[in-house]
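Here's the structure, in structure tokens; my notes come after.
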Number of protein chains: 2
Amino acid sequence: MSMEVTFLGTGSAHPSPSPAASAVALRREGQCWLFDCGEGTQTQLMRSHLKAGRITKIFITHLHGDHFFGLPGLLCTLSLQSSPDSNKPPVDIYGPLGLRSFIWRTLELSHSQLLFPYVVHELVPTRDQCPAEEFKDFSSLDKDDTSPGEAQGRILHLDPVENSYLLVDDEQFVVKAFRLFHRIPSFGFAVEEKPRAGKLNVQKLKELGVQPGPLYGKLKNGIAVVLENGVTISPADVLEEPIPGRKICILGDCSGVVGDAAMKLCCEADMLIHEATLDDTQEEKAREHGHSTPKMASGFAKSCKVKKLVLTHFSQRYKPATQMGEGDADITELKRQAESVLDGQEVTLAEDFMTIEVPMKKQK
Amino acid sequence: MSMEVTFLGTGSAHPSPSPAASAVALRREGQCWLFDCGEGTQTQLMRSHLKAGRITKIFITHLHGDHFFGLPGLLCTLSLQSSPDSNKPPVDIYGPLGLRSFIWRTLELSHSQLLFPYVVHELVPTRDQCPAEEFKDFSSLDKDDTSPGEAQGRILHLDPVENSYLLVDDEQFVVKAFRLFHRIPSFGFAVEEKPRAGKLNVQKLKELGVQPGPLYGKLKNGIAVVLENGVTISPADVLEEPIPGRKICILGDCSGVVGDAAMKLCCEADMLIHEATLDDTQEEKAREHGHSTPKMASGFAKSCKVKKLVLTHFSQRYKPATQMGEGDADITELKRQAESVLDGQEVTLAEDFMTIEVPMKKQK
């Protein structure tokens, strides 16, 4: 079952023709989840191989414009391209408190009535996620009227035991959010596939006298079966080891994490997507603006023993060597800085439209 | 004094890589005025020869997303690129009632404190500018708090005598808005340069005994001077005929006008920029959505005796012949339809990044 990550925008601060503002798409089984939606994300989607109509969930890491100003426009365009269907499940939107009111008011002002249902689940940040003077309490915004077509989303408070937020827990995935430190409250998302049942051991099935047919399906789905001779076959007898799920962690802007959940949730991630706005020589400036450098990102990746680190959200001053103009810096320097911390483990620098496949895991 | 119009986005409904969402820039003497600001306008500006930092006024025709969703992002990027300067005059933003609250709330939510002053002047629409069931009264929005750095803009009501709104009246320009009929209230803007003083007639000055120097400047500026011999020279004696100002009219989405101001204000315009979303064969559909066809646009242009008609805001289904794919229609058909109404007078179809110069006029 293929799973791939596509970077739609990898620049910081504001969109530019290249790189565009922040957006990452995660695709699996024809579904598409979008992480952040800077201005222009909808045109980046049109330029890519992805189909915007396949988006079923949208996650917003934090409320800086370059991460969410493209959201109302994307929703309106999705609506223009969709046909009314009362059975359509809502598009789930997750983001910091204040996002629901913004979406609702913007659609109201622009007379946009979406032809598909959506629901906004808001994460309530804690005050230690940003400098005290930057914290704004948007809880009053949530008292605004709800638009008639909009189901009421959940208000998600920090789980004090887990130190995280549980967003999704369905048959296939668990998605949790964890807290980051930035100029304003920011979040990271850990997307974890649930393990898949191992293959049926056909040789063993034959030996046990189970005939191919519906019983195979039951066993594969974890249901014990009783044969005509009265013998009970349990799935564990005939299934190979389950296939572990993949784990992708996508962090918003940050100069560090808050609490111990980030480290736990990102542990041994197959892919960690971390910002590196400025290079290591600019660490002081990066921290001042709540951002990371390659050393900071790879230090976190190393602690979490992640298998693949991808850096993104680069300052517009970094350009590929082939595009460098006066005043630009060589972006490959960020790769070298990150790899030196990871003892040579390869680090990838994201680029607009780069797609990375996350291969299925092997049985343990 | 050069004056040019650049089309930054010429598509309707939503942005796409090409054409982009609505935006037109009017440049004169290094200043730039922006008309509409669909999502992605800031990146279109970066791709163009224009400098976003030169924008001094922004006009929004109506509150559909493809005409103003790019505004908060543009303001934030302008701020990032500017340095604090207490003497900087504010950027004037003109648009329908509700725009100020939207800008303020969006900047507040995204923790964006602009480093330059801006002021939003809101036009109060009348109920006959759209179908009754579509009209929304946004006057309550204007009771929101004002951000500390923001000067309070004017609330502009329709002048019942002129049937228009006076937006700007300074040394160089008069700008008035007039009412259009659309799905939601929409406006057109008539930008009229004031006449410029004619050249000094040097031969005549010599004959009258006026020596070259400061007196020339005074006369040129319309001030009478008294010579040493007691003779008074009035500007009219030595100035050639004034040079008439140019007039550019930019209309928002519409399927017609409301009241008689549009016709008066657009009379003999040097350039009329009018939407033509669908071709003449789709007139019924166009009217249903509050839009125009080439025939409708050129009919208005003909009544106003405009000198140049430029059509824009094309449905995404029209493509240049060279880019046509399955299901696309030939955009040049719109040009033919418009020109047939104008008895062959040439009509221009706008394209993204097309720049049209509006030459200085000759003395009458």
Which of the aspartates and glutamates could a cross-linker bridge to B:Lys199, judged by Cα under 17 Å and excluding same-chain residues fewer than eight apart? B:Glu207, B:Asp237, B:Glu240, B:Glu241
Anyone know which of B:Leu251, B:Leu219, B:Leu334 comes out most mobile in the 10 Å Cα GNM of chain B? B:Leu219
Considering only the protein assembly as shown, percent of DSSP beta bridges that pair antiparallel, nearest 5: 55
Under the rule of at least 5 residues apart or a separate chain, name every residue whose amide H is placed under 5 Å from the amide H of B:Tyr318. B:Ala329
Starting from the Cα-Cα distance between A:Gln323 and A:Arg54, subtract it from 0.36 nm times their residue separation and give me the gain in nm to one decimal. 93.5 nm
What residues from the stretch A:74-96 fall in the zone where the backbone N is under 20 Å from a label point 7 Å along the Cα-to-C-beta line of A:His111? A:74-82
Mind pulling the per residue volume of the convex hull built on the Cα atoms of the stretch A:1-147? Å³ is fine. 130
Would you list the P(r) distribution for the stretch A:208-248, with all Cα-Cα distances sorted into 5 Å bins from 0 and each bin expressed as a whole %? 5, 22, 30, 19, 9, 7, 4, 3, 1, 0
Run a plain Debye calculation on the stretch A:205-364 (Cα atoms as equal point scatterers, no solvent) and give log10 I(q)/I(0) at q = 0.13, 0.15, 0.20 Å⁻¹, rounded to two decimals, same order as the q list. -0.68, -0.80, -1.22
Shortest first and in nm, the label-point separations between B:Lys204 and its counterparts in the other identical copies (7 Å out along Cα→Cβ) come to 10.8
Rounded to the nearest 0.05, what FRET efficiency do B:Glu228 and B:Glu29 have when you use their Cβ-Cβ distance and R0 = 25 Å? 0.10
Let's test the formula: R0 of 45 Å, r as the Cβ-Cβ distance of B:Lys220 and B:Val119. What FRET efficiency results, to the nearest 0.05? 0.85
Work out the FRET efficiency for A:Arg336 and A:Lys88 from their Cβ-Cβ distance, taking R0 = 56 Å, and round it to the nearest 0.05. 0.75
Using a 1.4 angstrom probe and counting only protein chains, how large is the accessible area of A:His111 in Å², to 10? 40
Quarter of Cα convex hull surface for the stretch A:65-153, i.e. mean projection, nm²: 6.4
For chain A, compute the orientation-averaged projected area of the C-alpha convex hull (one quarter of its surface), in nm². 22.0
Among B:Ser86, B:Val24, B:Ser110, the residue whose Cα sits farthest towards the positive end of the charge dipole of the stretch B:1-117, when +1 is placed on the Cβ of each Lys and Arg and -1 on the Cβ of each Asp and Glu, is B:Ser86
First obtain the Kirkwood hydrodynamic radius of the protein assembly as shown from its Cα pairs, then insert it into the Stokes-Einstein equation at 4 °C and 1.567 mPa s, and state the resulting D in µm² per second as a whole number. 45
When N counts the residues of the stretch B:1-59, how does its alpha-carbon radius of gyration compare numerically with 2.2 N^0.38 Å, as a ratio? 1.05
Quick one: of A:Lys247/A:Lys305; A:Lys295/A:Lys361; B:Lys204/B:Lys247, which pairs are farther than 20 Å apart, Cα to Cα? A:Lys295/A:Lys361; B:Lys204/B:Lys247
Among the residues of the stretch A:14-45, which ones have their accessible area go down by 20 Å² or more when all the protein chains sit together, as opposed to their chain alone (1.4 Å probe)? A:His14, A:Pro15, A:Pro17, A:Glu39, A:Gln42, A:Thr43
Heavy-atom accessible area of A:Ile155 with all protein chains present, probe 1.4 Å, nearest 10 Å²? 70
Sorted shortest first, the nm distances from the A:Lys220 label point (7 Å along Cα→Cβ) to its counterparts in the other copies are 8.8
Which value, in Å² and to the nearest 10, is the accessible area of B:Asp352 when all protein chains are kept and the probe is 1.4 Å? 30
Give me the summed buried accessible area for the B-A pair, 1.4 Å probe, to the nearest 100 Å². 3200
Please calculate how many Å² of accessible area chain B carries per residue, with a 1.4 Å probe and no DNA, RNA or ligand atoms counted. 43
Helix B:332-341 against the longest principal axis of chain B: what's the angle in degrees, Cα atoms only, rounded to the nearest 10? 60
How large, in percent, is the carbon and sulfur part of the accessible surface of the stretch A:133-238 at a probe radius of 1.4 Å? 52
Longest principal axis of chain B (C-alpha) makes with the long axis of helix B:99-109 (C-alpha) an angle, in degrees to the nearest 10, of 70
Take A:Arg127 and B:Asp137, extend 7 Å from each Cα along the Cα→Cβ direction, and tell me the distance between the two endpoints in nm. 4.1
Could you work out how far helix B:71-80 tilts from the main Cα principal axis of chain B, as a 0 to 90 degree angle to the nearest 10? 60
Tell me what chain A gives for mean residue ellipticity at 222 nm when only DSSP H runs of n ≥ 4 count, each as -39,500 (n - 2.57), the sum divided by the residue total, rounded to 500 deg cm²/dmol. -6000 deg cm²/dmol
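The values are calculated or read from the model by the stated rules, or taken from the named source; none is laboratory data. Since we're looking at a predicted model, the values are computed, not measured. Methodologically, a virtual Cβ is constructed for each residue, glycine included, from the backbone with ideal geometry; neighbour enumeration extends over all protein chains shown. Note: areas computed on protein heavy atoms with side chains; ligands, DNA, RNA excluded. Shrake-Rupley method; radii C 1.70, N 1.55, O 1.52, S 1.80 Å.
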